[in-house]
Structures are given as structure tokens and as C-alpha cells.
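Below: one structure, written as C-alpha cells.
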Amino acid sequence: MLSATFDDDRRLTLAFLLAPLTTPLIMSVAFRSIFALLITTAFAYPIAFVAGIPTYLLLKKLGRLEFWSFGLAGGVTGFLVGVLLTFTIADAHTTLTQGSVIAIFGVITALVFWCIAFLRLRSNNRWRGP
């Protein structure tokens, strides 16, 4: 039982470390630029830790660790982050557009987080050896 908890903790730590790279990787491929990777990584990790950790803790406290809960929470959190980042420097239309785009990245990142932390893939290799 102790090893299962240790494995769960490792997967959760790995999810917190790797999932924030989702948006920077998508942006670097979309723009074909290493600069996009560096800039978005500089924003992704602080946002993930400031917004993502409290969101995860809230979902855990509510007992909502399902795939759809993470997608919904990632979208809402991403939208709020997008609006907060742009509402002082842009008009309402641009702010809502940016919030929507960042919400999509929030959904994708949250679902990648869930897959790393909670998805239990099993091998279909049934060969037992000689």
C-alpha cells in the first residue's frame, strides 16, 4: 500500500512539473519558434503554480478528480487568467477573445495534467516469455 501512495505522489509531482509545458510546446510548434517556447514557458509555470495548484486542491477537496472536472476547471481558470492578463490593456472584445483562447490552452493543459497524474494505462503485452 505504501508503494501505491509513493507512486501516486510521484505521478502528481510529475504532472505539476510537465503539464505546464503543454502550452509552450503548442505555441512553439504553431509559430515554429524557440523564442515562443521560452516566452510562454516564462508565463506558464508561474500561472500554473498560482492558479493551477489552488484549483487542484479545490477539486481534491470537493472530491472531483474526474477527467471532465479537470477540463472544466482548466477552461474556467484559463479564461479568468486570460481576462486578468488583458483587461487593463485592451478593449472588451479583445479581452474576451484572449480569455477564450487562453481558456482552450487551460483545458488542454488541465487534461494533460489529469492524464499524467491519474490515468492508469495498462500494457496489452500478454507475452510471458519463453
So Ala110, is it at pLDDT below 85, surrounded by 13 or more Cβ atoms within 10 Å (Cβ to Cβ), within 20 Å of Thr40 (Cα to Cα) and not charged (D, E, K, R): no
Residue count for the stretch 22-45, restricted to those that are closer than 23 Å to Asp9 by Cβ and either touching a Lys or Arg at 6+ places or on another chain (Cβ under 7 Å) or surrounded by fewer than 18 Cβ atoms within 10 Å (Cβ to Cβ) (or both): 1
The stretch 44-65, residues that are within 14 Å of Val76 (Cβ to Cβ) and among the hydroxyl-bearing types (Ser, Thr, Tyr): Thr55, Tyr56
Complete set of residues in the stretch 78-106 that are assigned to a helix (DSSP H, G or I), more than 23 Å from Ile53 (Cβ to Cβ) and of a type in the set (A, V, I, L, M): Ala92, Leu96
Filter pass, Arg120 being of a type outside the set (A, V, I, L, M), modelled with pLDDT of 90 or more and outside any helix (DSSP H, G or I): no
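For (1) within 14 Å of Leu18 (Cα to Cα); (2) crowded, with 18+ Cβ neighbours inside 10 Å; (3) polar (S, T, N, Q); (4) within 10 Å of the chain's Cα centre (by Cα), each residue gets a yes or a no:
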| residue | (1), (2), (3), (4) |
| --- | --- |
| Phe49 | yes, no, no, no |
| Phe67 | no, no, no, no |
| Gly74 | no, yes, no, yes |
| Leu80 | no, no, no, no |
| Thr88 | no, no, yes, no |
Those residues of the stretch 52-65 which are surrounded by 18 or more Cβ atoms within 10 Å (Cβ to Cβ) and under 13 Å from the mean Cα position of the chain (by Cα), in sequence order: Gly52, Thr55, Tyr56
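Per-residue answers, yes or no, for (1) of a type in the set (D, E, K, R); (2) in a helix (DSSP H, G or I):
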| site | (1), (2) |
| --- | --- |
| Leu25 | no, yes |
| Leu38 | no, yes |
| Thr41 | no, yes |
| Gly52 | no, yes |
| Leu58 | no, yes |
| Lys61 | yes, yes |
| Leu65 | no, no |
| Val76 | no, yes |
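The values are calculated or read from the model by the stated rules, or taken from the named source; none is laboratory data. Quantities reported herein were computed from a predicted structural model and do not represent experimental measurements. Neighbour counts run over all protein chains shown; Cβ positions are idealised from the backbone, glycine included.
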